[in-house]
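Colleague: The structure that follows is given in the form of structure tokens.
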């Protein structure tokens, strides 16, 4: 027990000890800096472990030994005075205690912001940035270790519920109707697939009326750049995948998607070194992943076989 229980240094020490006993993690953000964290690291903010690290200060007080020392009013007042260790704002309401499974490379966030700005303003000059050049080198090294394999898992593709129940509706769109996407350029058809029907529904915006979901099987072996695995060979690639450079949600309607510029650069890197598909974590539904099959010289009906087409309705 500290001689003066209202001493902020002493309170901070007790707070950190209790937090560590609950989570073995540090405070990642509070309500005041949550939006900034989620914007910079959407892949982490969408993960189950991050969401499970959310805790209200009142619950933390009542469930820890701090509740035996401080009244709730005293505890909350001291939290406000102590402030968030991340942003320095008064600590109120909720905290997120979380540590990523990788070490964020030195100055990665600064380089990420520089590259995001460069990619949005002058996308064809992305390779001028050292981080972009490093990404290309890492993807090239990975290509030398990966072979093409037949993917036996059934994957899923969602379409609006009013879509005709025709197999061709669930293959890649024709080039004139192919908009700019996370991993494709406008006019360059690719096939986006999801690990589960629930993920496919979430990826098209989670319409309340439901959607049509088809099961698809890729008919030919694929050489897959797997960004959804925990076995990525470098912290840089893991940080890149979780960052806004690859995982940012779309921000506006229309043709221009600056938040997709660098992810399309990564797709170009992957195709250039021989990958035919790319697997990546879903930000829309943290329990699943997505896979994009890159443009093929084959007819899409020879690339993927469309199975059953069913209505999908979200649970309420």
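Colleague: Are any residues in region 84-109 outside any loop (DSSP other than H, G, I, E, B) and under 17 Å from residue 33 (Cα atoms), and if so, which ones? Full working, then the answer.
Modeller: First, the residues of region 84-109 that are outside any loop (DSSP other than H, G, I, E, B): 94-97, 108-109.
Matches in region 84-109: 94, 95, 96, 97, 109.
Colleague: Of all the helices (runs of 4 or more DSSP H) wholly in region 239-316, which have at least 3 residues that are buried (at least 17 other Cβ atoms within 10 Å of the Cβ)? If you could, list the steps in order and put the result at the bottom.
Modeller: Values: elements: 244-247, 261-272, 300-303.
Where helices (runs of 4 or more DSSP H) fall fully within region 239-316 and carry at least 3 residues being buried (at least 17 other Cβ atoms within 10 Å of the Cβ), they are 244-247, 261-272.
Colleague: If you take the residues of region 51-100 that are on the phi > 0 side of the Ramachandran plot and free of Cβ contacts under 8 Å to residues at least 24 places away in the same chain, which of them is nearest to the chain's Cα centre (by Cα)?
Modeller: Within region 51-100, the subset on the phi > 0 side of the Ramachandran plot is 83, 88, 93.
Then drop every residue that is not free of Cβ contacts under 8 Å to residues at least 24 places away in the same chain, which leaves 83, 88.
On the way: 83: 28, 88: 26 Å.
The qualifying residue nearest to the chain's Cα centre (by Cα) is 88.
Colleague: When region 18-38 is examined, which residues are found to be surrounded by 13 or more Cβ atoms within 10 Å (Cβ to Cβ) and either free of Cβ contacts under 8 Å to residues at least 60 places away in the same chain or out of contact with any strand residue (DSSP E or B) (no Cβ under 9 Å at 6 or more places or on another chain) (or both)?
Modeller: We begin by selecting, within region 18-38, every residue surrounded by 13 or more Cβ atoms within 10 Å (Cβ to Cβ); these are 18-19, 22-23, 25-34, 37-38.
Residues satisfying the conditions are 18, 32, 33, 37, 38.
Colleague: Another question, then. Scan region 59-69 for residues that are surrounded by 15 or more Cβ atoms within 10 Å (Cβ to Cβ) and modelled with pLDDT of 95 or more and jot them down. First the steps, then the outcome.
Modeller: Just the residues of region 59-69 that are surrounded by 15 or more Cβ atoms within 10 Å (Cβ to Cβ), to begin with: 60-61, 64, 66-67, 69.
If the condition is that a residue be surrounded by 15 or more Cβ atoms within 10 Å (Cβ to Cβ) and modelled with pLDDT of 95 or more, then 60, 61 are the ones that fit.
Colleague: Is there a residue in region 8-16 that is in contact with a strand residue (DSSP E or B) (Cβ under 9 Å, 6 or more places away or on another chain), part of a helix (DSSP H, G or I) and loosely packed, with under 13 Cβ neighbours inside 10 Å?
Modeller: Within region 8-16, none of the residues are in contact with a strand residue (DSSP E or B) (Cβ under 9 Å, 6 or more places away or on another chain), part of a helix (DSSP H, G or I) and loosely packed, with under 13 Cβ neighbours inside 10 Å.
Colleague: Within region 101-118, how many residues turn out to be closer than 25 Å to residue 264 by Cβ, touching a residue at least 12 places away in the same chain (Cβ under 8 Å) and under 19 Å from the mean Cα position of the chain (by Cα)?
Modeller: The qualifying residues number 9.
Colleague: Give 211, 178 a once-over and let me know the one that is without any contact (Cβ under 8 Å) to a residue 24 or more places away in the chain and in contact with a strand residue (DSSP E or B) (Cβ under 8 Å, 6 or more places away or on another chain). Explain how you work it out, then say what you get.
Modeller: Values: 211 fails: without any contact (Cβ under 8 Å) to a residue 24 or more places away in the chain.
Matching residue, one of 211, 178: 178.
The values are calculated or read from the model by the stated rules, or taken from the named source; none is laboratory data. Keep in mind the model is a prediction, meaning the values are calculated, not measured. Here the Cβ is made from the backbone with ideal geometry for all residues, glycine too, and neighbour counts use every protein chain on show.
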